[in-house]
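Student: Right, I'll just put the structure down here and ask away after.
Each reported figure results from applying straightforward, stated rules to the coordinates on display, with no laboratory input. Because the structure is a prediction, the values reported are computed rather than measured. For neighbour counting, all protein chains shown are included, and Cβ atoms are generated from backbone atoms with ideal geometry for every residue, glycine included.
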Amino acid sequence: MSRLLSNLQQTIARCGDRPALILKEQEVSYSRFGEAVFRLARGLSEAGVKPGDRIALMLPNIVQFPVSYYAILAVGATVVPVNITYKEREVRYILEDAEVRGVIAWEGFRGTLTKAADGLDQCSLFIYLGQRIPRQSYSLTSLQVASAPLDKPAERPDDEVAVILYTAGTTGRPMGAELTHGNLSASGELLYDQFGFGEGDRVLAVLPLFHSFGQAVAMNAPLMCGATVVLEPKFEPARLLSTLRDGRVRWMVAVPQMLKQLLETQAEGAELPHLRYCITSGGPISEEVVARFEDRFGARVLPGYGLTETFSLVTCTRMDREWRPGSVGQPLYGIEVAIWGEEGHVLPPGRVGEIVVKGPTVMRGYLNRPKATEEVKAGGWLHTGDVGYFDEDGYLFIVDRKKDIIIKGGFSIFPSEIEQCLQAHPKVERAVVIGVPDEEQGEEVKAYVLLKPGERASAKEIIEYCKERMALYKCPKYVEFCSSLPRSTTGRVLKRMLREKEAGANKLGCEDLASGARSGE
């Protein structure tokens, strides 16, 4: 079996009565957790799940997420986590692209899933958590309770795919990053080396577990070494402060925007005597926020940097070293990070270039996309598309992104997906989407919209159109109507000029920008 499952079994045997998972007043010991995993694995097998099948997982941060996740792996199948805020069109894309065999989901997502899977003959197995189970579907609870534990997990070599996580990738529509059993095992081991989670430690899982950062750092790594995962299904600042305090949480895993919102929450008894560390990634964090958080809560903030394609962190601030403002720390032990110039050579400290990564956590490739895989892994390194530099002491600083991906609240948003949605609107001639700075989310989505001749529309109409067709976090917060857009002499829209306008570097309107682009580029 894979090292991940082997390590988990050893932890279950060693930790027994220690709590593995806590959700509000519900506490699940390692022995009960292990029994639930292997009972469900047997149930999945008897329901027809075979090694190599791909099973979508659409659950919030509740006990059944890690149980289902490891049960799917134990039976030899592949986990395909699905963002629980996705709408029908987005879910269907993943089900179809990954050729998903079955789905485990909360009953509240049944309507979305039924429509999303309509006509997809291969996706024929539906397992729901809840009371209202439709005909020809399984009850997750019944499947687990009625099954004897699986005797032995399926044998899966480390180079076989364990999880497929959808990411904006480098171009086009979202792509499935194939993460192997070896990637998952290595990630857990490297994170343990970095942070030393131990038995008795409690780690908060408020980041969605369908996301690579939450999945790797707040779930897999703690459960591999006997720590306790404190589950929080939804980020509500006042409630979260209570959970951190009453749950005796030592480690918090969060995106920078969460720290800012916690600081802005005026709640009684906000002292957090047990909290010692906060690992943060998913966007830049200011020196002011770090200083205020550490001063108010007495917990060390450890900024880092990672990607879906590397199953979370590749660099992080080390616990025995000071953080340097603006940096994302140093490479994790066992991960190589370099800065490459345009000709593919390594640049010295202080020189800005593309960040490339090599190590045991780097994905196998993009599902069914050999050309994209070849491009992103050219020369044996993962080309991140991010631009940065190292200082003399090996601290990494992120300068910019080559890609147009918008990072909002730690989530990657690909503008072309929103542009395609907007351009399907019957009144829209052309739409261009960029990220604009936002104090709460890091970045927000803004759409520049050109209407068809004679058409009229409001920003509210455009935004509501998007809300019906995609996850709320992807929808534009701002809409600006234009009669033209800045373009190069070849007709390409110059998003750079729009970003400069938003940043205040250029005070011209769209028409002026377009004129300047035609005459100057």
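Student: Please name which of G385, L120, C466 has its Cα lying farthest along the dipole of the chain towards the positive end, using unit charges on Cβ (Lys, Arg +1; Asp, Glu -1) and the Cα centre as origin.
Tutor: L120
Student: Using the Cα centre of the chain as the reference point, and only Cβ charges (+1 on K/R, -1 on D/E), how large is the resulting charge dipole? Debye, rounded to the nearest 20.
Tutor: Working: 62 positive and 67 negative charges, 216 e Å.
With Lys and Arg at +1 and Asp and Glu at -1, about 1040 debye.
Student: Just going by the charge dipole of the chain, with Lys and Arg at +1 and Asp and Glu at -1 on Cβ, which of S412, A47, L498 is farthest out on the positive end?
Tutor: The residue sitting farthest along the positive end of the dipole is A47.
Student: Suppose a student asked you for the relative contact order of the chain, using Cα pairs under 8 Å spaced at least 6 residues apart; what percent would you report?
Tutor: The normalised contact order for the chain reaches 11 percent.
Student: So what is log10(I(q)/I(0)) for the stretch 1-156 at q = 0.12, 0.16, 0.18, 0.21 1/Å, when the Debye sum runs over its Cα atoms only?
Tutor: The Cα Debye sum returns log10 ratios of -0.49, -0.86, -1.08, -1.39.
Student: Starting from the amide H of V301, placed 1.01 Å from N in the peptide plane, find each other amide H under 5 Å away whose residue is 5 or more places distant or on another chain.
Tutor: C278
Student: Starting at the first residue of the stretch 445-455, write each ³J(HN,Hα) from the Karplus equation 6.51 cos²θ - 1.76 cosθ + 1.60 with θ = phi - 60°, in whole Hz, x for Gly and Pro.
Tutor: Per residue, the Karplus-derived 3J(HN,Hα) values read 9, 10, 10, 9, 10, 9, 7, 5, x, x, 8 Hz.
Student: A follow-up question, please. Summing Lys, Arg as +1 and Asp, Glu as -1, what charge do residues with Cβ under 14 Å from the Cβ of G379 carry, G379 excluded?
Tutor: Numbers: positive: K358, K377; negative: E336, E342, E343, E354, E374, E375.
Local net charge: -4.
Student: Next question. If you consider only alpha-carbon coordinates, what radius of gyration and Dmax does the stretch 77-207 have, in Å?
Tutor: Here Rg and the maximum Cα pair distance are 17.3, 48 Å.
Student: What share of the DSSP beta bridges in the chain is antiparallel, in percent to the nearest 5? Write out the running numbers ahead of the final one.
Tutor: On the way: 48 of 85 bridges.
Percentage antiparallel, nearest 5: 55.
Student: Then there's this: Cα gyration tensor of the stretch 298-366, axes a ≥ b ≥ c as square roots of the eigenvalues: rounded (a/c below 1.5), prolate (a/b > b/c) or oblate?
Tutor: On the way: a/c = 2.41, a/b = 1.30, b/c = 1.86.
Here the stretch 298-366 falls in the oblate category.
Student: Could I ask something else about it? Report the Stokes-Einstein translational diffusion coefficient (µm² s⁻¹, integer) for the stretch 305-451, Rh taken as the Kirkwood radius over Cα pairs, at 20 °C with viscosity 1.002 mPa s.
Tutor: Diffusion coefficient, whole number: 126 µm²/s.
Student: A further question on this structure: If only Cα atoms are counted, what is the Rg of the chain, and what is its Dmax, in Å?
Tutor: 23.2, 73
Student: Only Lys, Arg, Asp and Glu count, each charged at its Cβ (+1, +1, -1, -1), so figure out the dipole size of the stretch 1-156 about its Cα centre, rounded to 20 debye.
Tutor: Values: 19 positive and 16 negative charges, 33 e Å.
Roughly 160 debye, rounded to the nearest 20.
Student: Work out the count of Lys pairs in the stretch 329-445 where the Cα-Cα distance is under 22 Å, with the pair 8 or more places apart or on different chains. Write down the numbers at each step before the final one.
Tutor: Numbers: K358/K371; K358/K377; K358/K402; K358/K403; K371/K402; K371/K403; K377/K402; K377/K403.
For the stretch 329-445, qualifying lysine pairs total 8.
Student: Share of Cα-Cα pairs in the stretch 163-302 beyond 25 Å, in percent?
Tutor: On the way: 2778 of 9730 pairs.
The calculated P(r) of the stretch 163-302 puts 29 percent of pairs beyond 25 Å.
Student: Say each of A378 and K24 gets a label point 7 Å from the Cα, pointing the same way as Cα to Cβ; how far apart are those two points in nm?
Tutor: If labels sit at A378 and K24, their model points lie 5.2 nm apart.
Student: Tell me the Rg and the Dmax, in Å, that the Cα atoms of the stretch 20-87 produce.
Tutor: Final numbers for Rg and Dmax: 12.5, 36 Å.
Student: Would you work out which of F311, V337, G76 lies farthest towards the positive end of the dipole of the chain? Charges go on Cβ: Lys and Arg +1, Asp and Glu -1.
Tutor: It is G76, whose Cα lies furthest towards the positive end.
Student: Taking the Cα atoms of the stretch 96-154, what is the range of coordinates along each of the three principal axes, in descending order and whole Å?
Tutor: Principal-axis extents of the Cα atoms in the stretch 96-154, largest first: 35, 29, 16 Å.
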